[in-house]
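The next block holds one structure in the form of structure tokens; read it before the comments.
Just so it is clear, none of the values below were taken in a lab; they were calculated from the coordinates. For clarity, every value in this text was computed on a predicted model and none was experimentally measured. Here the Cβ is made from the backbone with ideal geometry for all residues, glycine too, and neighbour counts use every protein chain on show.
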Amino acid sequence: MASSVEVTNRPGLATRAVAYYREVVAEMKKVTWPDKDQLRQMTIQILVFVLVIGAVIALLDLLLQTTLIRLPQSLLR
């Protein structure tokens, strides 16, 4: 029984790495980068959002701590 194995010639690792790098550079040139004003505005929006979410989590933590820990302890005394 003879089996035929197809061998395909693939470029070497270095050739593929260079081609990949060139494709990445070409794609990065297509990207529309934000200007300073847009970047500043988006940064402020993200910081405000993170602070609001942090405040909400802190309030929920205090509420749950009061409800689940302190209230049952005060009822047992």
Could you tell me how many degrees, from 0 to 90 and to the nearest 10, lie between the Cα long axis of helix 36-65 and the main elongation axis, the longest principal axis, of the Cα atoms of the chain?
50
Compute the angle between helix 13-30 and the longest alpha-carbon principal axis of the chain, please, reported from 0 to 90 degrees and rounded to the nearest 10.
60
Log entry: pair-distance distribution for the chain, C-alpha pairs binned every 5 Å from zero, whole % per bin is 3, 11, 7, 8, 7, 7, 7, 7, 7, 7, 6, 6, 6, 5, 3, 2, 1, 0
Taking the chain as a Gaussian network, Cα atoms linked when under 10 Å apart, which of Val18, Val48, Val56 shows the biggest mean-square fluctuation?
Val18
In whole Hz, the Karplus estimates of ³J(HN,Hα) for the stretch 68-75 (6.51, -1.76, 1.60; θ = phi - 60°; x where Gly or Pro) are 8, 10, 6, 5, x, 5, 6, 6
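If you place +1 on the Cβ of every Lys and Arg, -1 on the Cβ of every Asp and Glu, and leave all else neutral, what size is the dipole of the chain about its Cα centre, to the nearest 20 Debye?
Details: 9 positive and 6 negative charges, 31 e Å.
Dipole magnitude for the chain comes out near 140 debye.
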